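> Starting off with a structure, shown below.
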Amino acid sequence: MRYSCSEAHSWRLIINFKYLCCVIAKALAISISVATYDFNILKSSKNKQTGYTISDLHLDLQEKLIPVPGLNPHIGIGNDLKLDYDMDAITNSLRNLFSTMPGQRFLIPNYGLNLLKFMFAPVSKEYGDLVGNDIVSSIKQWEPRVQVQNVHVVPLPEQNEYDITMTLFVPIFKQFVSLRGVAGNRGFAPINF
């Protein structure tokens, strides 16, 4: 069978595209397996080896540094990805939820929180209530380790933003946490996450 140059080029592109899809699928499978939670941990106590109940990858995938005597304390040898533990892991998970738009995670397309959809509507108490309802339903759906106690949304029409304060209860630690952020035309900006 004879192919013209353009047909042969098309076949190479198709083969390269299939190879790229396989590579991406493998990478996603690895990242999804790392990012899945074992919800049985919610019933267990502290891990005897680490002393922590919950651990999660740090949101920006920093390397953990091992300090080397005689070197600058900010320079070390990286041997592993940085982990967050207990309350930091839960806060990290919430920060991830707020910074992910639905559709960004290929294998979990509904994961995330789209607050930008409210930014082209008038900033008002009514829309603020809708923002609060979306936050509550997303947290209930995607972060079962916390219970939403209160979400207070204050419209700031002059800045075209909403000031959001949440009070959450973490039953496994019997601890309340208050988180605050601003939703505006650039998305959600955490203040004390």
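> Go through segment 53-100 and give me each residue that's out of contact with any strand residue (DSSP E or B) (no Cβ under 8 Å at 6 or more places or on another chain), modelled with pLDDT of 90 or more and aliphatic (A, V, I, L, M).
Once the filter is applied, which keeps residues that are out of contact with any strand residue (DSSP E or B) (no Cβ under 8 Å at 6 or more places or on another chain), modelled with pLDDT of 90 or more and aliphatic (A, V, I, L, M), segment 53-100 yields only Leu97.
> Further, regarding this structure: For a quick check of your reading of the model, give me the residue pairs whose first member lies in segment 101-129 and is in contact (Cβ under 8 Å) with a residue 40 or more places away in the chain, whose second is among the aromatic types (Phe, Trp, Tyr) and not in a helix (DSSP H, G or I), with beta-carbon atoms closer than 8 Å and at least 6 apart or on different chains.
Matching pairs, first to second residue: Leu113/Phe188; Leu115/Tyr162; Leu115/Phe188; Phe118/Tyr162.
> Against the definition (within 14 Å of Phe188 (Cα to Cα) and in contact with a Pro (Cβ under 8 Å, 6 or more places away or on another chain)), how does Gly132 come out, yes or no? Lay out the reasoning, then the answer.
On the way: within 14 Å of Phe188 (Cα to Cα): yes; in contact with a Pro (Cβ under 8 Å, 6 or more places away or on another chain): no.
Taking the combined requirement at face value, the residue does not satisfy it.
> Name the one entry in Val154, Val123 that is over 23 Å from Thr53 (Cα atoms), assigned to a loop (DSSP other than H, G, I, E, B) and touching a strand residue (DSSP E or B) at 6+ places or on another chain (Cβ under 7 Å).
Numbers: Val154 fails: assigned to a loop (DSSP other than H, G, I, E, B).
One residue alone meets the criteria, Val123.
Residues checked against (1) of a type in the set (A, V, I, L, M); (2) under 16 Å from the mean Cα position of the chain (by Cα); (3) within 17 Å of Asn160 (Cβ to Cβ); (4) in the same structural domain as Val154 (by TED's automatic domain parsing):
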{"position": "Pro109", "(1), (2), (3), (4)": "no, yes, no, yes"}
{"position": "Phe118", "(1), (2), (3), (4)": "no, no, yes, yes"}
{"position": "Ala121", "(1), (2), (3), (4)": "yes, no, yes, yes"}
{"position": "Lys125", "(1), (2), (3), (4)": "no, no, yes, yes"}
{"position": "Gly132", "(1), (2), (3), (4)": "no, no, no, yes"}
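> Further question: Take segment 170-188 and flag every residue that is loosely packed, with under 14 Cβ neighbours inside 10 Å and among the hydrophobic types (A, V, I, L, M, F, W, C).
Phe176
> So in segment 137-163, with the set limited to residues that are surrounded by fewer than 17 Cβ atoms within 10 Å (Cβ to Cβ) and of a type in the set (S, T, N, Q), which one is nearest to the chain's Cα centre (by Cα)?
Kept after step one, since they are surrounded by fewer than 17 Cβ atoms within 10 Å (Cβ to Cβ), are these residues of segment 137-163: 137, 140-141, 144, 147, 149-150, 152, 154, 156-160.
Next, from what is left, pick out any that are of a type in the set (S, T, N, Q): 137, 141, 147, 149-150, 159-160.
Numbers: Ser137: 16, Gln141: 14, Gln147: 18, Gln149: 21, Asn150: 21, Gln159: 26, Asn160: 24 Å.
Selected residue: Gln141.
The values are calculated or read from the model by the stated rules, or taken from the named source; none is laboratory data. Just so it is clear, the model here is predicted, and its values are computed rather than measured. No Cβ is skipped: glycine too gets one built from the backbone with ideal geometry, and neighbour counts run over all protein chains shown.
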